[in-house]
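These notes concern the structure reproduced below.
The values are calculated or read from the model by the stated rules, or taken from the named source; none is laboratory data. This structure is a prediction, so every number in the text was calculated from the model and none was measured. Cβ sites come from the backbone with ideal geometry, for glycine too, and all protein chains shown count toward neighbours.
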Amino acid sequence: MIRVEALTKDYGARRAVDSLTFHAEPREILGFLGPNGAGKTTTMRILAGYMPPSSGKAQVAGFDVVEQSLEVRRRVGYLPETVPLYTDMTVFDYLKYMGDLRHLPNVEDRVDDVLEIVNLGDRANGYIANLSKGMRQRVGLAQALLHQPEVLILDEPTIGLDPAQIIEVRNLIREIGKERTVLLSTHILSEAQQICDRVLIINKGRIVAEDTPSRLQSRLAGSQKVSLRVAGESDGLDAVVAGVSGVLRAGFNSDGSLEFEAQPGQDVRPDVARAVIHGGYNLLELRPVGFSLEDIFMELTREEPALPQTTEDASEGEAAEEEVDQSDDEAK
């Protein structure tokens, strides 16, 4: 549904996107992760037909984003980070206006349908200026869904929302992903872990990892982390655990638990348990600690990535900054 090959975008001497190659299948939610200035928004703007690439190719629903831009726009729903809304219009009038711009047939019926999808039917006649941030975000999502696009591109859709609103939007995206391809950028890594079928991590305009969240965790985890708790006094416990063969390092957490790392593929928990008990400590808990997507993200996007990469080597070539100014975004 989305095919990108060697996509590059330069802003003068600055390279924001550097030879990106990736794909997204029908009814797949693809998470687009990366630090500020990594090139996420630029890539999304290119795919939405907002701007052309400097070189490379991109196809959406089988149409080229440069040579067949109008066909692409007909099939893409785009929600920019800053949603462009006319706050002096009612929700219904705004959506009807957007539908008229797209020459949609039976536009009023379609507006009613999308209001039901985003759960805003009771606010149809309310002015956008009086809506909360979360409700405005849902209005923006409604305009992106208005023309029943095959591909939905969402740039930070939950930014600025409260926890309850975030849950609502996440659930809505999951439902949308059952029928459409969704490309979703986010800085909330737990969000990507919860709703994305696959994640793509980009740094300095290049892809540094691409896989499902679970496979990224298992393949890139490296050493095994284990949390240990004892009852009562724990003085000297870190030295006891660090002395066990196969333990790389051990140290106390702020909550009083001890966390240690073991060599990859080596389960040292039985040996650690024996050493702790033999040392006179009362062992309460010994459990593995998962290597989170946040750990992977931080490792892969630091200045000199030390973990394996799953695409082209991101350490070669000159990386560039991205110019991100969301204020001029227009709804597609």
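Checked against (1) at pLDDT 95 or above; (2) under 22 Å from G205 (Cβ atoms); (3) surrounded by 15 or more Cβ atoms within 10 Å (Cβ to Cβ); (4) not small (G, A, S), R110 passes all but a single condition, namely (2). On the basis of being crowded, with 22+ Cβ neighbours inside 10 Å and either within 22 Å of V289 (Cβ to Cβ) or at pLDDT 90 or above (or both), does L200 make the cut? For L200, the condition - crowded, with 22+ Cβ neighbours inside 10 Å and either within 22 Å of V289 (Cβ to Cβ) or at pLDDT 90 or above (or both) - is met.
Only one of the listed residues (P157, P149, P163) is under 13 Å from G77 (Cβ atoms), over 14 Å from the mean Cα position of the chain (by Cα) and not hydrophobic (A, V, I, L, M, F, W, C). That residue is P149.
Condition check ((1) assigned by TED's automatic domain parsing to the domain that holds I277; (2) over 30 Å from R14 (Cβ atoms); (3) touching a Gly at 6+ places or on another chain (Cβ under 8 Å); (4) at pLDDT 95 or above) across all residues:
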| residue | (1), (2), (3), (4) |
| --- | --- |
| I195 | no, yes, yes, no |
| S214 | no, yes, no, no |
| E233 | yes, yes, no, no |
| V241 | yes, yes, no, yes |
| G251 | yes, yes, no, no |
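Can you pull out every residue in region 81-100 that is more than 27 Å from the chain's Cα centre (by Cα) and either at pLDDT below 95 or in a loop (DSSP other than H, G, I, E, B) (or both)? Within region 81-100, Y86, T87, D88, M89 qualify. Scanning region 128-138 turns up no residue that is surrounded by 14 or more Cβ atoms within 10 Å (Cβ to Cβ), under 27 Å from M1 (Cα atoms) and in contact with a strand residue (DSSP E or B) (Cβ under 7 Å, 6 or more places away or on another chain).
Only a single item in (1) touching a Phe, Trp or Tyr at 6+ places or on another chain (Cβ under 8 Å); (2) loosely packed, with under 15 Cβ neighbours inside 10 Å is not met by L189, and it is number (2). Applying a threshold of 8 Å to beta carbon distances and a minimum spacing of six or more residues, or different chains, the list of pairs starting in region 252-275 at a residue that is on the phi < 0 side of the Ramachandran plot and ending at one that is of a type in the set (F, W, Y) and part of a strand (DSSP E or B) reads L258/F252; E259/F252; V272/F260.
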